[in-house]
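What follows draws every value from the coordinates through simple rules; no lab data is involved. This one's a predicted model, so the numbers in the text were calculated from it and none came from an experiment. Methodologically, a virtual Cβ is constructed for each residue, glycine included, from the backbone with ideal geometry; neighbour enumeration extends over all protein chains shown.
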Amino acid sequence: MTKPYYYARIPYKELFASPSIFPPSANTLEGAVAALHEFFTSPTPRGLPASTAVLSGAGLSVASGLADYRGPNGTYRVNKSFRPIFYQEFISNHEARKRYWARSFLGWPTLEKAKPNAGHIAVADLARLGFVSGVVTQNVDSFHTKAHLSTPAVELHGYLRSVVCTSCRNELPRTPFQEELARLNPRWAEFLAEAIASGALQSESPQERRARGIRSNPDGDIDVPDAPYTTFRYPACPTCLSHPPPRPDGSEGVVEVDDDGAWQPTSSGGILKPAVIMFGESINNQVKLAADETIDGAGRLLVLATSLATYSAWRLAKKAKDRGMPIAIVNMGGVRGEDTFFKDLSPGQKGAEAVRTEILTEQLLPALVKELERSSRPSGMDGASLLSAHNGGAVFKDMLS
Ligand SMILES: [Zn+2]
């Protein structure tokens with residue numbers, strides 16, 4: 001008997017071993033800032049560009065109120081039964097899609113309201129100051145894009161801001177799609193309105209929401225135990241509804257909806273899916289290429305708030321290592337195969353070759369930006385002479401405070 005597809009392995013639900021900190025002084029905020037300052041300002045190895053690429057993960061958005069997977073309060077730790085939906089399951093199973101969209105419907109208002117935090121803004125500052133040349137993220141919350149539009153992030157695992165048709169690949173924005181879900185599911189919309197009014201969804205913290213009987217998960221969904229998921233309805237792709245795509249064997253396809261416009265299981269296509277890469281789904285080649293180019297275009301790699309448990313992300317760090325790029329990892333808890341990234345370091349290196357620290361990104365990165373700004377002021381000038389050297393000097397006022 002073959003195993004059902006949902007036994008496909010979720011990578012590394014268990015925790016990785018605690019890390020060794022490099023240099024050892026990077027075990028405090030001050031020490032970690034100094035080590036990363038050294039990392040960013042030391043010359044890169046011969047033949048490599050002088051800039052840094054960032055590779056980020058779910059931990060970066062925890063300070064925005066989103067759950068992560070493997071962090072101290074991550075979904076895999078506090079919700080042992082959590083299992084993300086698999087691509088094959090979504091594509092082949094109408095009931096699984098009802099359940100997915102019901103939970104996503106409840107989770108969206110919280111996600112839509114959440115904002116980038118100090119960590120994302122510091123990445124924007126690092127790019128503005130010329131230290132960061134590119135960003136690859138595994139996050140689907142679009143916070144990088146919101147924080148630094150001029151240095152767009154390669155979204156390795158897609159994004160929740162859109163839905164995509166699995167037949168014609170057309171994308172639709174999530175917000176009007178949410179309105180469609182509300183129209184097709186008035187009872188659910190009522191429940192959601194009540195949950196919002198009661199404040200159950202308003203809490204900034206995933207732990208508190210959990211305490212109120214609502215579990216929120218990193219891919220933006222909400223779990224309400226015993227909810228009648230089978231009653232949920234979702235719309236068909238409007239393009240495929242007017243022009244049904246042919247079936248895979250080339251014969252004529254059908255897309256059918258009920259009187260209100262909800263997709264019917266007699267259809268052969270027109271299924272809408274969030275524009276995220278689900279487990280078991282492959283990443284499109286253009287995205288892979290853009291991620292590779294981001295690594296190839298830099299001389300150092302800064303890994304932020306990810307355990308690199310997914311191969312698509314781990315592969316990029318390995319690529320950086322193989323190119324001889326210094327690597328810095330800022331993550332609470334262990335990282336997949338991290339010894340590989342930190343072998344053969346010169347004894348006594350202060351951060352130029354590698355940094356490994358466990359300080360929260362929303363604390364560490366803004367402090368690092370301040371330090372890089374301070375040290376890159378023209379030498380021999382203190383704040384006061386800078387003020388007199390620049391008419392007005394308003395730009396520098398906040399640096400002096
Ligand atoms: Zn379509």
Please list, in chain and number order, the residues 5+ apart from G253 or on another chain whose amide H is under 5 Å from its amide H, with Hs placed from the backbone. R247
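How much length, in nm to one decimal, is gained on full extension between K319 and E112, taken as 0.36 nm per residue of separation minus their Cα-Cα distance?
Stretched fully, the K319-E112 segment lengthens by 71.1 nm.
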Determine the sum of side-chain charges near T166: Lys and Arg each +1, Asp and Glu each -1, restricted to other residues whose C-beta is under 11 angstrom from that of T166. +2
On a full-extension model of 0.36 nm per residue, what is the gain between R46 and D292, subtracting their alpha-carbon distance, rounded to one decimal in nm? 86.6 nm
Set K288/K319; K98/K273; K319/K350; K288/K318 screened for pairs whose C-alpha atoms are more than 18 Å apart: K319/K350
Extending each Cα 7 Å along its Cβ direction at R374 and H94, get the distance between those two points in nm, one decimal. 6.4 nm
Could you list R128, R187, R356, R97 so that the one with the fewest beta carbons within 10 Å of its beta carbon is first and the one with the most is last? R187, R128, R97, R356
Taking the beta-carbon count within 10 Å as an exposure proxy, list R46, R83 from fewest neighbours to most. R46, R83
Taking amide hydrogens as modeled 1.01 Å from N in the peptide plane, which residues meet the under 5 Å criterion relative to Y159, leaving out close sequence neighbours? A275, V276, I277
By how many nm would the segment from S346 to D258 grow when fully extended, if each residue of separation counts as 0.36 nm and the alpha-carbon distance is taken off? 24.9 nm
Any idea how far apart T175 and A197 come out in nm if each label point goes 7 Å out from Cα toward Cβ? 2.4 nm
